[in-house]
Structures are given as structure tokens and as C-alpha cells.
Amino acid sequence: MKLSNAKVAGISLTVFAAMLGLGFSAEPLYGTFCRVTGYGGTTRIATSAPKEIVDQTITVRFDTNVADTPLEFRPLQRSEDVKIGQHGLAFFEVSNPTDEEIHVIAAYNVTPHYSGKYFNKLECFCFDERVIAPHETKKLPVVYFISPDMVEDHVADQLETITLSYTFYESSKYKGPTTQAAVGAANSATGG
């Protein structure tokens, strides 16, 4: 069976357009997938705390990083023990040792990655652009909880430690969500 040149060109153009469309939609679809499933350590944004506190304690470790910025960034405590469903409160400190203001955005993840769907934040300094003035130091709070649903997961219920990690990026180089509200809206739209 011979295909005419016009049919081959039409099929090729259709395949090209489909691949281009998939390429443009891959990043938003992957981001939505991560928020819904917790894949890759993506945590959830909660609007209210759970009503149940489980008598199982988990250690939450805190990790900080900076990417392409001279900021100094550290947790004010290395870890915290919380019961599942109980509020946790952690403080981080960011300092600008330079004579220039620095525009940054903080992104986060948790490890092990499968714990992401159970790690919920009620308040976070992530995703909102911050301006750190020359020689300024800021204290940044995070209010979080581990969902009681975790005890029903036969793998996750064995966890003893979860690490919450933040990285500050220079705003102009950051490619993720740009506001906490955008992340919350995406979670709401996807049932999170």
C-alpha cells in the first residue's frame, strides 16, 4: 500500500503538533500529579488541622539550602518530635550578608518522598517572593502536621523520621509556583 506524499505530510504534521502539545503540557501535568500524590516529596497545603491526634510520634528533621544566592539560611532547631495529627512549629532564619537587596523564593520537599502526601502545612514562607534587605535577618515560621491518614498506609506508618527541606532560589531563576495561594488553589482543584 502506497501512501501519497500529502497523506504522509498530514500524518507527520499531526504527530508533530501532538508532541508539541504534550511538551507544553508536561510540566503543569507533572506538577499537578506531584501535588495530588505527594510524588517527589511534594507536600500538601492544608486549610485546617485534623481533629484527631494519633499516639504515634514521628521526628521531623529540618534541612536548608541556597541556590545561586549569597544568603545564609538555617533552621533554628535541627528536628522536632510531634505526634501524628499534632501541630508542629518550626522557625528558620535567613540573613543577607551583602550590601545589596536580594529577591528570593523558597521551595520545599520532604523525604522519604512517599511521605509527601501526609505532610501538610498550615503556614509557610514558601513560594512567596521575599526581599531580604542588605544585612537583614528574618525569622520565618512553618506550621505543619502529619496527617492521621498515614497510619493506614502499611509502608508510611513505619516511618520514624521525615525530613523537611527548603531551598532559596533567586527569584529571576526560579521556575516553580510563585505564590502559596497558587499551590493551595492547585491542591483544591485536584482534591488536595
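The values are calculated or read from the model by the stated rules, or taken from the named source; none is laboratory data. Just so it is clear, the model here is predicted, and its values are computed rather than measured. Counting neighbours? That spans all protein chains shown, and the Cβs are built from the backbone with ideal geometry, glycine included.
Side notes on the structure shown:
- Residue 57 vs. criteria among the hydroxyl-bearing types (Ser, Thr, Tyr), within 17 Å of the chain's Cα centre (by Cα) and either more than 20 Å from residue 161 (Cα to Cα) or surrounded by fewer than 18 Cβ atoms within 10 Å (Cβ to Cβ) (or both): no
- The residues of the range 108-120 that are over 9 Å from the mean Cα position of the chain (by Cα) and either at positive phi or surrounded by fewer than 24 Cβ atoms within 10 Å (Cβ to Cβ) (or both), listed by number, are 111, 112, 113, 114, 120.
- Qualifying residue in the range 2-23 (condition: over 17 Å from residue 165 (Cβ atoms), modelled with pLDDT of 80 or more and assigned to a strand (DSSP E or B)): no
- Of residues in the range 145-192 being under 19 Å from residue 104 (Cα atoms), assigned to a helix (DSSP H, G or I) and modelled with pLDDT of 50 or more, the one farthest from the chain's Cα centre (by Cα): 172
- Test for residue 86: is it modelled with pLDDT of 90 or more and closer than 26 Å to residue 152 by Cα: yes
- Looking only at the range 93-138, and only at residues there that are among the hydrophobic types (A, V, I, L, M, F, W, C) and touching a Lys or Arg at 6+ places or on another chain (Cβ under 9 Å), the one that is farthest from residue 67 (Cα to Cα): 119
Each row is one residue, and each column tells you yes or no for (1) without any contact (Cβ under 8 Å) to a residue 60 or more places away in the chain; (2) surrounded by 20 or more Cβ atoms within 10 Å (Cβ to Cβ); (3) of a type outside the set (A, V, I, L, M); (4) in a strand (DSSP E or B).
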position: 94; (1), (2), (3), (4): no, yes, no, yes
position: 106; (1), (2), (3), (4): no, yes, no, yes
position: 127; (1), (2), (3), (4): yes, yes, yes, no
position: 131; (1), (2), (3), (4): yes, no, no, yes
position: 143; (1), (2), (3), (4): yes, no, no, yes
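- Comparison of 157, 99 shows that the only residue that is surrounded by fewer than 16 Cβ atoms within 10 Å (Cβ to Cβ) and out of contact with any helix residue (DSSP H, G or I) (no Cβ under 9 Å at 6 or more places or on another chain) is 99.
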